[in-house]
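Remarks on the structure that follows.
The values are calculated or read from the model by the stated rules, or taken from the named source; none is laboratory data. Computed from a predicted model, the values in this text were never measured in an experiment. All Cβ positions, glycine included, derive from the backbone under ideal geometry; neighbour counts span all protein chains shown.
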Amino acid sequence: MKRNSKRGWKNRIVGHGEKPANQFLFNPLNYRRHPEEQRAAVRKMLGHVGWVTEVIQNVRTGNLIDGQARIEEALRQDPDQLIPYTDVDLSPAEEKAVLATLDPMTGLAETDPATLDLLLTETIAEMPTLEELLQSLHNEEPPEPPKSRTVEFAEHIRIVIECKSKRQQAKLLKRFEAEGLEVRAT
C-alpha cells in the first residue's frame, strides 16, 4: 500500500514484525559480500547490545533488501530466533534500485573528527569491552606517511587498464575523455 503525501515523499513502509531467522529469503541480486572481520563486528555488537535496527524485506518478492549478514549470523547461532523486520512494498525494479543504492549512499557520509573522538572516548569509558572493535572500525592508528620518491614523467605514456565489466569500462572512458585524454578501448 503506497501512501502519498502532498508534503513529502511516498512512505513505502507497510509493516513491522518478528519472525524466525530461517524464514527470510536472501536476495539473489545482493552483490555485497561480508568478510569475516565484518561478521565478527556484527556478532560482537549483537551480543553486547542486541538488535537496534530491523532488517528490510520486500512484501512483493519476499526478498531481503537489507540485513543479509545479520540474518546469516543469526542462522549460525539459532535458526529459530526471532528477527525484527520492516516490510516495504516495492516493485521488482524499485527493489533493485534500493539494493543498488542503499549501502553506497550510506558510505558517502563524511566524518566530523572531533565529534567522533568524543563519541569513541565516551563509548570506551562506558563499554570498555568494545574498545578493540571501535579501534578496528575507526582505524585509531595514524596512517603511515607516504615515502617520498622522485618521479620523472615521459612526454607520452601508455597505460593499460583492465575493467571488470562493460559498465566500468564505459564509465572510465567517459571520465578520461572528459579530462581530454586520448582513449582507445580494445
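Quick notes on this structure:
- Restricting region 25-63 to residues that are of a type in the set (D, E, K, R) and closer than 28 Å to residue 129 by Cβ, the residue that is surrounded by the most Cβ atoms within 10 Å (Cβ to Cβ): 54
- Residue match in region 11-24 (condition: in a strand (DSSP E or B), loosely packed, with under 14 Cβ neighbours inside 10 Å and free of Cβ contacts under 8 Å to residues at least 24 places away in the same chain): yes
- Any hit, region 100-115, residues being under 27 Å from residue 13 (Cα atoms) and either in contact with a strand residue (DSSP E or B) (Cβ under 7 Å, 6 or more places away or on another chain) or surrounded by 15 or more Cβ atoms within 10 Å (Cβ to Cβ) (or both): yes
- Residue in region 121-143 that is nearest to residue 41 (Cα to Cα), counting only those that are of a type in the set (Asp, Glu) and at pLDDT below 85: 140
- The helices (runs of 4 or more DSSP H) found entirely in region 79-141 that carry 3 or more residues being farther than 17 Å from residue 30 by Cα are 113-126, 131-138.
- Condition met for residue 97 (farther than 24 Å from residue 135 by Cβ, buried (at least 16 other Cβ atoms within 10 Å of the Cβ) and small (Gly, Ala, Ser)): no
- Residue in region 74-86 that is surrounded by 13 or more Cβ atoms within 10 Å (Cβ to Cβ), at pLDDT 95 or above and among the charged types (D, E, K, R) present: no
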